[in-house]
2 protein chains.
Amino acid sequence: MKAGVFDSGVGGLLTARLLRSLHPQADLLYYGDTVHLPYGDKSPQQIKGYVRDIGRFLYGVGAQVLVVACNTASAVGLEGLRAEWPHLPIYDAITPALEAFTHHRYAEPVGVIGTYTTIRSGVYGSALRRMGYAVKELATPLLVPLIEEGWVDHPAMEAALETYLSELGEVGTLLLACTHYPVIEGAVRRYYQRRGASVRILSTAALLAQKVARDLPPSGQGTSQFWVSDWSERFVRVASAFWGEAIALEPAPLPSTPAEW
Amino acid sequence: MKAGVFDSGVGGLLTARLLRSLHPQADLLYYGDTVHLPYGDKSPQQIKGYVRDIGRFLYGVGAQVLVVACNTASAVGLEGLRAEWPHLPIYDAITPALEAFTHHRYAEPVGVIGTYTTIRSGVYGSALRRMGYAVKELATPLLVPLIEEGWVDHPAMEAALETYLSELGEVGTLLLACTHYPVIEGAVRRYYQRRGASVRILSTAALLAQKVARDLPPSGQGTSQFWVSDWSERFVRVASAFWGEAIALEPAPLPSTPAEW
């Protein structure tokens with residue numbers, strides 16, 4: 001069963017990598033919409049158009065399951081996919097996290113950090129409040145560019161986390177609600193340790209990978225193939241860092257991107 | 001004479017603001033391609049398509065002069081505009097800076113910082129080397145997101161500048177080759193002052209605004225109008241900060257962006 005994983009860029013490769021580590025036989029088809037990254041600042045109707053085109057591409061190359069690694073796309077754009085393929089399993093980045101908060105009772109208040117669009121959509125905050133959780137939400141837009149620059153252990157990352165997490169204030173649980181954030185889990189943990197604060201840290205990407213890995217049948221060849229809507233050497237370098245080994249990205253433009261002039 | 005200014009986002013408003021301060025009567029039409037920002041990581045053929053669509057939009061609303069505030073677009077995408085309107089004055093962000101280096105002899109080596117695409121294009125480095133200058137170039141991709149977060153005087157900006165400018169090494173002149181960088185000129189100056197280094201700092205945005213202000217006839221009503229390809233509250237907030245007062249952004253999608261799903 002081939003799993004089509006997609007994201008606005010190459011950050012979703014962190015989800016794909018977690019999935020492969022949990023289910024080494026899974027056959028992975030990855031699409032990164034590098035033309036339109038970052039989705040975090042785009043409007044919902046734009047994102048819905050991109051998601052439609054990517055879903056069609058992955059279905060066309062054989063995906064039997066769709067995994068939407070992007071929180072922003074998951075927050076605003078999946079009704080169209082579900083209407084087009086009502087029988088295809090479609091995993092969004094949000095549901096596994098909300099299920100975790102239903103099955104367990106985590107310490108409050110729950111902090112949620114992510115891109116502007118994810119936070120503004122209120123998709124985590126509203127659902128968690130309906131479950132009776134006290135919630136604090138904060139958009140932390142600089143974390144993705146810092147991660148893509150490879151500055152995970154850099155003073156600029158530490159300064160950014162200081163500002164963002166102190167603005168968020170005291171929390172019992174912190175939900176990392178962005179595809180890229182698994183790589184800064186250690187830096188976030190150290191921030192709270194320096195303050196002697198005991199905070200449970202959860203990541204939507206890890207919860208998504210765990211859910212897909214549980215559901216996929218225990219078969220497959222362990223293959224992987226990677227496409228991007230816009231190819232550059234930099235994407236190859238960042239993608240290889242996220243995937244953990246050197247990979248080839250194949251260019252595959254979306255229909256909604258303009259033809260060469 | 002109406003001047004159509006455009007950029008990949010709202011950063012070009014810094015150029016427009018400099019232009020207005022030098023030529024208060026100029027009538028300004030501004031287009032920010034917020035759907036596709038940042039251009040810095042896009043491929044040349046993508047950028048050429050966006051530039052074509054924006055040029056047609058601004059011409060359609062009455063622009064008699066085009067000012068390409070975006071270094072990345074100026075570096076890769078203007079042959080098409082010039083072919084479509086051979087008689088329209090088109091100012092790119094690069095030529096005024098290169099003219100300055102021809103008319104004056106600045107201290108060497110000359111450091112050039114900008115986005116990945118601008119630096120990789122070598123547009124400044126190659127031209128300056130042809131003029132006989134010793135040149136050091138460095139892509140500094142985190143500066144734009146830091147500026148857009150408003151963290152101009154933040155420890156994260158200081159840490160980023162420390163890393164980037166120490167990697168660049170000793171220079172006699174530093175060219176800020178990105179639309180957004182005028183706002184960090186002070187922070188860059190302080191970096192060199194802390195080291196007791198005497199460095200001349202030039203900005204492509206200021207040199208562009210000066211050239212356009214010199215060339216425009218001394219007439220006009222001092223009007224201004226602003227469009228973006230994708231509207232959001234955040235863009236309005238950042239745009240107002242860059243322009244120096246609250247402004248309204250009108251949504252105006254480009255033909256190459258997908259229709260609402």
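Miscellaneous remarks
- Looking at B:Ser229, B:Ser203, just one residue is hydroxyl-bearing (Ser, Thr, Tyr) and closer than 30 Å to B:Gly172 by Cβ, and that residue is B:Ser203.
- B:Ala160 under 21 Å from the mean Cα position of the chain (by Cα) and outside the structural domain of B:Gly114 (by TED's automatic domain parsing): no
- Filter result for the condition that a residue is surrounded by fewer than 16 Cβ atoms within 10 Å (Cβ to Cβ), without any contact (Cβ under 8 Å) to a residue 12 or more places away in the chain and in the same structural domain as A:Glu108 (by TED's automatic domain parsing), over A:Arg195, A:Arg200: A:Arg195
- Listed by position, the helices (runs of 4 or more DSSP H) enclosed by the range B:90-155 that each have at least 3 residues that are within 13 Å of chain A (Cβ to nearest Cβ) and touching a His at 6+ places or on another chain (Cβ under 8 Å) are B:143-148.
- Test for A:Ser224: is it in contact (Cβ under 8 Å) with a residue 12 or more places away in the chain, touching a helix residue (DSSP H, G or I) at 6+ places or on another chain (Cβ under 9 Å) and outside the structural domain of A:Thr118 (by TED's automatic domain parsing): yes
- Count of residues meeting criterion [surrounded by 20 or more Cβ atoms within 10 Å (Cβ to Cβ) and under 25 Å from B:Ala160 (Cα atoms)] in the range A:117-138: 0
- In the range A:144-174, residue nearest to A:Leu98 (Cα to Cα) [restricted to those that are open to solvent by 10 Å² or more (accessible area, probe 1.4 Å) and of a type in the set (S, T, N, Q)]: A:Ser166
- Those helices (runs of 4 or more DSSP H) lying entirely in the range B:178-261 with at least 1 residues β-branched (Val, Ile, Thr) and within 14 Å of chain A (Cβ to nearest Cβ): B:233-243
The values are calculated or read from the model by the stated rules, or taken from the named source; none is laboratory data. As the structure is a prediction and not an experimental result, all values here were calculated from the model. Please note: Cβ atoms are built from the backbone with ideal geometry, for glycine as well, and neighbour counts cover all protein chains shown. Ligands, DNA and RNA are excluded from the accessible area calculation, which covers all protein heavy atoms including side chains. Shrake-Rupley method; radii C 1.70, N 1.55, O 1.52, S 1.80 Å.
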